[in-house]
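First comes the structure, then the notes that go with it.
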Amino acid sequence: METVTGTLYIVPTPIGNLEDMTVRAVRVLKSVSCILAEDTRLSGILCRHYDIATRRMSLTEHNSPMRIPWILQQLRDGSSIALVSDAGCPGISDPGGPLIREVVLASLPLTVLPGPSAVTTALLGSGFLIDRFVFEGFLPRKGRVRSAMIQAFHSEERTILLFESPVRLCATLKDLAAVLGPGRRAVVARELTKIHESWHRGSLGDLAVFFEEFPPRGEMVIVIEGADVVKPTLDAASVADQITVALKSGMKVKETARLVAAQTGLPASQIYQLALRLKSSL
C-alpha cells in the first residue's frame with residue numbers, strides 16, 4: 001500500500017493591504033489541517049477577513065525546536081500544513097526558515113506559493129538598478145559584526161536592501177552615511193501597501209537628518225544604490241604593452257585576447273584585432 005504524505009505549503013500573506021491575498025492562497029489555507037504562524041493574532045485578522053476557519057498554531061523562534069518534530073510527523077502521517085508569515089513571504093527574516101530546511105532534508109513534499117514581498121516591492125519602487133541586488137535583512141544592533149557588514153557595503157556594486165525598525169532607523173542611516181558616504185543615494189520605503197505608505201528618496205546623509213527631525217512609525221525598508229566603481233583609465237600604449245608581453249610569453253592570440261580583456265575590462269573582440277596586428281610585427 002502506497003504511503004500518502006502531507007504537503008507543507010509556504011503561503012505568502014499581504015504585507016499590509018489585505019486585498020493582496022491570492023485566490024490560490026485562500027484556497028490552500030482553507031484546505032490544510034493547520035496554519036502555522038508566528039503571531040496567531042495577526043493571522044487571525046487575515047483568516048476572519050477571508051472566512052478561513054482552519055485552526056492556527058504558533059511557530060516562533062523559541063518553540064520551533066519543540067514544534068518541528070511534531071510537524072514533520074504530521075506531514076508523514078498525511079496531514080497537509082500551511083506556513084504563513086506575519087507579513088510577506090515565510091522564511092525571510094522570520095522563524096519559518098528552520099522548518100523549511102528540515103522539511104527539505106526529510107524529503108517531504110513542499111509547495112511554495114508566489115505572493116507579496118516587501119523585498120521585491122521596495123526594490124521595484126526604488127528606481128535603482130535591480131538586475132543584481134543583495135538582501136541583508138536586519139543588521140545586528142551593535143558590535144563588530146554590524147561594523148564589518150556596513151564596511152562591506154562600501155564597495156558593493158549591487159543594490160543593497162535592509163529591513164529596519166522605526167526606533168533604530170535614524171541610527172542606522174547615520175552609521176551607513178559615515179561609512180558609505182553621506183552622498184550615497186538611498187530610499188526608505190515606509191508602511192508598504194498600507195494606508196500611510198510613503199517613499200523617502202535622497203542621500204543617506206539627508207535621510208538621516210530628516211528622520212532625526214521627524215521620527216518615523218511603521219515598518220521600514222532601506223534600499224541603497226550600489227557603489228559606483230571607477231575603473232582605471234587605460235591608454236592605448238599600456239594595452240599594447242600588455243598584449244605584447246602575453247604574446248612574447250608564447251600565448252596564442254585568442255588566449256591573449258581573453259587575458260587582456262579580463263585585465264582591462266575592454267571587449268575581447270577589440271583586443272583580438274589589436275593582438276593580430278601586433279603579432280605580425282613581432
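Laboratory data are not the source of any read-out in this text; all were calculated from the coordinates shown. As the structure is a computational prediction, the values presented were derived from the model and not from experiment. Here Cβ is always computed from backbone atoms with ideal geometry, including for glycine, and neighbour counts include all displayed protein chains.
Applying 1/(1 + (r/R0)^6) with R0 = 35 Å to the Cβ-Cβ distance of E213 and I45 gives a FRET efficiency near 0.60. Going from the fewest other Cβ atoms within 10 Å to the most, the residues L108, L124 appear in the order L124, L108.
Computed over the chain with a Gaussian network model linking Cα atoms closer than 10 Å, the most mobile of R144, R258, R48 is R258. Note on E19 and V112: the extension gain reaches 31.5 nm, defined as 0.36 nm multiplied by sequence separation minus the Cα-Cα distance.
Three principal axis extents describe the C-alpha atoms of the stretch 1-58; from largest down they are 45, 23, 18 Å. For the options M251, M21, M66, a Gaussian network treatment of the chain with springs between C-alpha atoms closer than 10 Å singles out M251 as fluctuating the most. Computed over the alpha-carbon pairs of the stretch 82-121, the distance histogram in 10 Å steps reads 27, 54, 18, 1 percent, short to long. Applying the Kirkwood pairwise sum to the alpha-carbon positions of the stretch 179-251 produces a hydrodynamic radius of 16.0 angstrom. All Cα-Cα distances of the stretch 118-224, cut into 10 Å bins from zero to the largest, leave 15, 53, 30, 2 percent in each bin in turn. Going by neighbour counts of Cβ atoms within 10 Å, the residues L72, L276, L29 line up, fewest first, as L276, L72, L29. Once the mean of 1/r is taken over each pair of separate Cα atoms and inverted, the chain shows a Kirkwood hydrodynamic radius of 22.6 Å. In terms of surrounding Cβ atoms within a 10 Å radius of their Cβ, S58, S31 rank from fewest to most as S31, S58. Taking a straight Cα-Cα cut-off under 22 Å and skipping sequence neighbours fewer than 8 places away in the same chain, the lysines within cross-link reach of K142 are K174. Model label sites at H154 and K248, defined 7 Å from Cα along the beta-carbon direction, differ in position by 3.8 nm. Each Lys and Arg Cβ is given +1 and each Asp and Glu Cβ -1; about its Cα centre, the chain then shows a dipole of about 640 debye. Projected label points at R277 and I130, each 7 Å from Cα along the beta carbon direction, are separated by 4.5 nanometres.
If R0 is taken as 51 Å, the Cβ-Cβ distance between K194 and A268 corresponds to a FRET efficiency of 0.55.
For a distance above 15 Å, tell me the whole-number percent of Cα pairs in the stretch 30-123 that qualify. For the stretch 30-123, the fraction of Cα-Cα distances above 15 Å is 61 percent.
Excluding residues fewer than 8 places away in the same chain, name every one of the lysines whose C-alpha is closer than 18 Å to that of K254. Cross-link targets: K279.
Suppose only helical runs count, i.e. DSSP H with n ≥ 4. What mean residue ellipticity at 222 nm does that imply for the chain under -39500 (n - 2.57) per run, divided by all residues and rounded to the nearest 500 deg cm²/dmol?
Helices in the chain give a 222 nm mean residue ellipticity of -13000 deg cm²/dmol.
Between V245, V167, V103, the Gaussian network model of the chain with springs among Cα atoms under 10 angstrom shows the greatest mean-square fluctuation at V245.
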